[in-house]
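None of the figures in this text is laboratory data; all of them are computed from the coordinates on show. Everything quoted here is computed from the prediction, not taken from an experiment. Positions of Cβ are generated from backbone atoms using ideal geometry, with glycine treated the same way; all protein chains shown enter the neighbour counts.
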Amino acid sequence: MKAISLWQPWASLLVFGLKRFETRAYAFPKALKGQRIIIHAAKKQAEFDPAFVRGTAGYLRRNGHDASALPFGAIVGTIELRDAFQIGSRIPGTPRDLWTLEEILLRRGRGTVIMSIEHALGDFRVDRWAWECVKPRALSRPIAYSGKQGFFNVEDPGILGAINRQFDEEAGRAADAAFAPIDVALQAGEVRGR
């Protein structure tokens, strides 16, 4: 399965569904469009502006996550790569299809993301690419793994099995909660089943 390493907090923001677009200098390979990929949190901790760190920590906290507990050097979840948009201004009559973040958001429907947050969490300069990431799934127990730069393959059956088991366990817990028996005392004279 294909994977990509991202620095924290971006790796966790993507799998928590708190960031919709990953911005890069290149488009992802067309063969990955519509594919689920693994998100790996890089081992290295990057240095950021203190205001960015405080703002990101507050954003994570408001959404139920602790920035100081984000994992490093681990697989944190998966996302599906839906589309890639080159950022720029539209120039009538040119063959290039360039987009602004606002146009992308309008195309995908209102209310799907908060524009100011996406701007703060990405690099939307002209000629860069915005990868639309959908269907995020975070692992409740990140899996230690050595990542690489760019896209790489995770082929270890033990690692892939551990990812799938966690997702299956989470799906099972959700199903159990949704279909848990309800203990209801029947009133005298009430008809029981048909």
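What FRET efficiency, computed as 1/(1 + (r/R0)^6) with R0 = 25 Å and r the Cβ-Cβ distance, is obtained for residue 119 and residue 168, rounded to the nearest 0.05? Once rounded, the FRET efficiency stands at 0.10. Within the straight-line cut-off of under 22 Å between alpha carbons, the lysines reachable from residue 33 are 2, 19, 135, 148, sequence neighbours fewer than 8 places apart in one chain being disregarded. The slack in the chain from residue 26 to residue 66, taken as 0.36 nm per residue of separation less the alpha-carbon distance, amounts to 11.3 nm. The coefficient of translational diffusion for region 113-172, derived via Stokes-Einstein from the alpha carbon Kirkwood radius under 10 °C and 1.306 mPa s, stands at 107 µm²/s.
Please list, in order, the residues from region 55-80 whose amide nitrogen is less than 13 Å from a point placed 7 Å along the Cα→Cβ vector of residue 43. Counting only backbone N, you get 72-75. Inter-label distance, residue 86 to residue 51: 3.3 nm, where each label sits 7 Å from its Cα along the C-beta direction. Derived scalar couplings between HN and Hα for region 62-73 equal 4, 10, x, 10, 9, 4, 6, 9, 5, x, 10, x Hz in order, rounded to whole Hz, by the Karplus curve 6.51 cos²θ - 1.76 cosθ + 1.60 (θ = phi - 60°), x for Gly and Pro.
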